[in-house]
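J.: Take this structure first; my questions come after.
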Amino acid sequence: MTEKIVVVGGGAGGLELATQLGRSLGRSGKAEVLLVDRNSTHVWKPLLHEVASGALDSRLAELDYRGQGARSGFRFIVGTLEAVDKDNKTITLSAIEEEGEEVLAPRTLNYDKLILSVGSVTADFGTPGVAEHCYFLDSTAQADAFHHHLLNEFLRVNQALEDGHDVTLDVAIVGGGATGVELAAELVHSVSLLSIYGLGHLTRDRLNITLVEAGKRLLPALPERLSQSVHKKLNKLGVKVLLGNPAKEAQKGQLVLNDGQSIKGDLMVWAAGVRAPDFLTELGLPTRKNNQIEVDSFLQAKGADSIYALGDCAACAIDENRFVPPRAQSAHQMADCLYKNIRRMQKGKAPKAFKYKDRGSLVSLSRFSAVGNLMQSKSLSMSIEGTLARYAYASLYRMHQRALHGWWKMLLVIAVDKLNHAVKPRLKLH
């Protein structure tokens with residue numbers, strides 16, 4: 001009987017794994033490979049800050065799951081995971097409704113191997129008012145919603161300035177990690193382009209961005225020297241950085257900090273911390289306080305036969321005190337390890353333990369600059385800035401595309417991207 005492998009979650013790791021399995025096992029009939037996701041298209045999550053700022057049109061960056069499945073040998077099923085029956089090896093997908101009408105009833109799928117790759121969501125730490133007044137950038141829909149509001153603010157402030165009023169556009173961003181830093185820089189770049197498209201009154205000096213970080217410095221994953229460099233670059237761009245003063249409440253139009261200071265925000269974004277989705281705690285699998293599924297060194301859920309987890313939703317220990325960090329490179333490495341182990345097990349060989357290799361971190365400051373730290377080994381690393389870092393940052397996305405399409409199609413995609421850049425507006429204004 002053909003083995004049935006079900007991958008739940010079409011993020012970076014899940015989609016790469018389904019693609020690899022489909023090509024090697026699905027096409028040849030050695031296994032039936034299914035990918036389940038609540039959305040119909042995939043956008044690489046590290047690009048969402050560009051979608052939010054208008055630097056990238058999500059429709060040009062998205063990948064259709066069904067099309068990818070047809071090309072790669074896996075079958076795509078749209079749905080949201082609701083329950084897992086470990087004894088009978090089945091999963092239940094919740095009903096799909098559209099405008100109050102049921103499109104698809106709840107469904108049950110059986111599996112021989114189940115891989116959970118559902119990613120992570122932003123953690124608001126229970127801070128009052130955040131869910132009601134702040135935007136999150138966990139999905140394409142959220143990034144598009146922020147972008148729509150941003151365009152309205154562009155129009156409102158530009159018209160008010162044209163009418164002679166002394167106004168500013170105030171943006172508050174909570175979280176000094178990669179998402180918060182990159183979004184701040186992209187927003188500065190977006191406003192600098194507005195004059196090209198007839199909105200010349202809203203200039204960079206009328207944009208007030210405040211970046212709030214609870215810790216002592218930005219970008220804790222980077223060496224302190226690079227963190228300080230980013231801090232200085234943001235200051236030059238006009239971004240106000242507040243350190244060591246966490247946000248304690250979000251209200252309509254303002255953010256209240258721990259010391260009582262109020263930060264005005266026509267737009268407020270919460271990008272501080274991540275956790276796995278809450279529903280993972282209801283599946284009967286062992287989880288940590290941040291909802292991550294506890295897995296062993298082979299990425300198998302502890303105490304659960306034939307169930308695996310990878311990426312941001314997996315708690316894989318590096319040692320007694322550290323876990324694999326929730327990064328795109330982690331998901332990529334886990335997907336590759338699990339793919340190889342599934343192939344090994346099909347051949348009757350023992351799987352190999354997952355070993356995380358920290359390749360470093362890269363952060364883009366839009367078109368202005370980029371910084372990064374490339375890890376060669378535990379004791380050897382190389383810090384890079386400027387043009388070299390920008391190319392290295394861009395290569396991360398290209399490597400994701402190579403994993404999905406192969407070298408030749410990746411090169412075609414790059415060519416298409418260059419053509420779109422030449423003929424499309426530099427800023428998405430609709």
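J.: Looking at (1) within 26 Å of residue 330 (Cβ to Cβ); (2) of a type outside the set (Phe, Trp, Tyr); (3) free of Cβ contacts under 8 Å to residues at least 24 places away in the same chain; (4) touching a strand residue (DSSP E or B) at 6+ places or on another chain (Cβ under 7 Å), which is the only condition residue 96 fails?
T.: (1)
J.: Is there a residue being assigned to a helix (DSSP H, G or I) and touching a residue at least 12 places away in the same chain (Cβ under 8 Å) anywhere in segment 69-82?
T.: Taking segment 69-82 and keeping what is assigned to a helix (DSSP H, G or I), we get 69-72.
Filter again for touching a residue at least 12 places away in the same chain (Cβ under 8 Å), leaving 69, 72.
Yes, some residue in segment 69-82 is assigned to a helix (DSSP H, G or I) and touching a residue at least 12 places away in the same chain (Cβ under 8 Å).
J.: Among the candidates 72, 120, 58, which residue alone is of a type in the set (S, T, N, Q), over 30 Å from residue 30 (Cα atoms) and modelled with pLDDT of 95 or more? Show your work before the answer.
T.: Values: 72 fails: over 30 Å from residue 30 (Cα atoms); 58 fails: modelled with pLDDT of 95 or more.
120 is the lone residue from the list that is of a type in the set (S, T, N, Q), over 30 Å from residue 30 (Cα atoms) and modelled with pLDDT of 95 or more.
For (1) touching a Ser or Thr at 6+ places or on another chain (Cβ under 6 Å); (2) surrounded by 20 or more Cβ atoms within 10 Å (Cβ to Cβ); (3) modelled with pLDDT of 95 or more, each residue gets a yes or a no:
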residue	(1), (2), (3)
221	yes, no, no
225	no, no, no
240	yes, no, yes
243	no, no, yes
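J.: Return the total of residues in segment 404-416 being open to solvent by less than 100 Å² (accessible area, probe 1.4 Å), assigned to a helix (DSSP H, G or I) and either within 15 Å of residue 71 (Cα to Cα) or in contact with a helix residue (DSSP H, G or I) (Cβ under 8 Å, 6 or more places away or on another chain) (or both).
T.: Initially, segment 404-416 is screened for residues open to solvent by less than 100 Å² (accessible area, probe 1.4 Å), giving 404-406, 409-411, 413-416.
Adding the requirement that they be assigned to a helix (DSSP H, G or I) leaves 404-405, 409-411, 413-416.
Pick out the ones that are also either within 15 Å of residue 71 (Cα to Cα) or in contact with a helix residue (DSSP H, G or I) (Cβ under 8 Å, 6 or more places away or on another chain) (or both) and you get 404-405, 409-410, 413-414.
The number of residues fulfilling the criteria is 6.
J.: If a residue has to be of a type in the set (D, E, K, R), surrounded by fewer than 17 Cβ atoms within 10 Å (Cβ to Cβ), at pLDDT 95 or above and closer than 24 Å to residue 18 by Cβ to count, how many in segment 283-310 make the cut?
T.: The qualifying residues number 2.
J.: Take the residues in segment 290-343 that are of a type in the set (S, T, N, Q) and assigned to a loop (DSSP other than H, G, I, E, B); name whichever of them is farthest from residue 361 (Cα to Cα). It would help to see each step written out before you state the result.
T.: In the first step, residues of segment 290-343 are kept if they are of a type in the set (S, T, N, Q); the result is 290-292, 297, 300, 306, 321, 329-330, 333, 341.
Still in the list and also assigned to a loop (DSSP other than H, G, I, E, B): 290-292, 297, 306, 321.
On the way: 290: 23, 291: 24, 292: 22, 297: 23, 306: 33, 321: 21 Å.
Applying the filter and picking the extreme gives 306.
J.: Go through the residues of segment 101-113 one by one and say whether even a single one is buried (at least 20 other Cβ atoms within 10 Å of the Cβ), among the aromatic types (Phe, Trp, Tyr) and on the phi < 0 side of the Ramachandran plot. Before you say what the answer is, go through the steps one by one.
T.: Taking segment 101-113 as the starting set, the residues that turn out to be buried (at least 20 other Cβ atoms within 10 Å of the Cβ) are 111, 113.
The next check asks that each one be among the aromatic types (Phe, Trp, Tyr); those that pass are 111.
Checking the rest, the ones that are also on the phi < 0 side of the Ramachandran plot come to 111.
Yes, segment 101-113 has at least one match.
J.: Quick check on this structure: which one of 269, 256 is more than 25 Å from the chain's Cα centre (by Cα) and buried (at least 17 other Cβ atoms within 10 Å of the Cβ)?
T.: On the way: 269 fails: more than 25 Å from the chain's Cα centre (by Cα).
Result of the check over 269, 256: 256.
J.: Follow-up question, since we're still on this one. Cβ contacts < 6 Å: first residue more than 15 Å from residue 421 (Cβ to Cβ), restricted to segment 47-64; second residue surrounded by fewer than 18 Cβ atoms within 10 Å (Cβ to Cβ) and among the β-branched types (Val, Ile, Thr), any location; separation 6+ or different chain. Result?
T.: If the second residue must be surrounded by fewer than 18 Cβ atoms within 10 Å (Cβ to Cβ) and among the β-branched types (Val, Ile, Thr), the pairs left are 62/41; 64/41.
J.: Related question: Are any residues in segment 376-398 surrounded by 13 or more Cβ atoms within 10 Å (Cβ to Cβ) and among the aliphatic types (A, V, I, L, M), and if so, which ones?
T.: Matches in segment 376-398: 384, 388, 389, 392, 394, 396.
J.: Looking at segment 130-168, which of its residues are open to solvent by less than 60 Å² (accessible area, probe 1.4 Å), part of a helix (DSSP H, G or I) and among the charged types (D, E, K, R)?
T.: The answer is 144, 153.
J.: Additional query: Name every residue in segment 1-58 that is of a type in the set (A, V, I, L, M), under 23 Å from residue 396 (Cα atoms) and assigned to a loop (DSSP other than H, G, I, E, B), in order of residue number.
T.: Listed by number, the residues that qualify are 43, 55, 56.
J.: Further question on the same structure: Residues in segment 358-375: is at least one among the hydrophobic types (A, V, I, L, M, F, W, C), within 29 Å of residue 21 (Cβ to Cβ) and buried (at least 17 other Cβ atoms within 10 Å of the Cβ)? Steps first, answer last, please.
T.: Restricting attention to segment 358-375, the residues satisfying the condition of being among the hydrophobic types (A, V, I, L, M, F, W, C) are 362-363, 365, 368, 370-371, 374-375.
Next cut, within 29 Å of residue 21 (Cβ to Cβ) only: 362, 375.
Subsequent filtering for residues that are buried (at least 17 other Cβ atoms within 10 Å of the Cβ) retains 362.
The answer is yes, given that some residue of segment 358-375 is among the hydrophobic types (A, V, I, L, M, F, W, C), within 29 Å of residue 21 (Cβ to Cβ) and buried (at least 17 other Cβ atoms within 10 Å of the Cβ).
The values are calculated or read from the model by the stated rules, or taken from the named source; none is laboratory data. Computed from a predicted structure; not experimentally measured. Note: ideal-geometry Cβ built from the backbone for every residue, glycine included; neighbour counts use all protein chains shown. The area values use the complete protein model at the heavy-atom level, side chains included, leaving out ligands, DNA and RNA. Shrake-Rupley method; radii C 1.70, N 1.55, O 1.52, S 1.80 Å.
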